[in-house]
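The values are calculated or read from the model by the stated rules, or taken from the named source; none is laboratory data. Only a predicted model underlies this, so the values are computations on that prediction, with no experimental measurement involved. Heavy atoms of the whole protein, side chains included, go into the accessibility calculation; ligands, DNA and RNA do not. Shrake-Rupley method; radii C 1.70, N 1.55, O 1.52, S 1.80 Å.
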Amino acid sequence: MRNEAGTEQAKRHPYQQERSGWIIVIDLLIAVIAAAALFYVYVWNIDLVLKVTVGVLLAAAVVIYAVRRVRSRTVRQEEGATIAKLVLLNEEGESVKEWYIHGETSLLIGKNSAQSEVDIDLSDSEYASLISKHHAVMNYASGNWFVEDLDSHNGVGIRQAGSRTASRLELEEPYRIESGDIICIANTRIVAK
């Protein structure tokens, strides 16, 4: 099961992995074209105006490219932080209860008892009998939310946004959550929004 979960995490965003590969190819092509242009302008050509114009254009292109790269990284880092609430769903997929989590750093999911209190109390959910007192924990780190199974009896699953199947998590192994993902606590479904 550990390899399955690791493979699932590695496949977390195949579009982003494919996109990343294309970005590398485009970066290499840009570098080759820029090197060829510089070689032509500064070695083969003797026109001073062309040399200055190409130098200014290339400098502007490098600055624009660097700014866009920094902005895209910032946007990607902020995307994980867009989760503001968790929503408990019933069998029909309708919202039953909501917990606003903006500003929190750690949330214990389970059932309240006389001995302990949890942040996300599922003791009144449809499948409360299948939920452990301390079933899972969500932690906020590096701009992203992560969920872990805390040795629960019935496990924790994740169904990625747009997917029809859930993957069961390994015990005490963090898994990154994104907006739209559904956390399956036993048979109880909580969507991250």
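Assorted remarks:
- Within the accessible area of segment 104-193 (1.4 Å probe), percent carbon and sulfur: 42 percent
- With all protein chains modelled, accessible area of Thr53 [1.4 Å, Å²]: 70 Å²
- D (Stokes-Einstein, µm²/s), Kirkwood Cα radius, segment 36-174, 1.306 mPa s at 10 °C: 82 µm²/s
- Sequence of Arg159, Arg71 when ordered by accessible area, the most exposed leading, probe 1.4 angstrom: Arg71, Arg159
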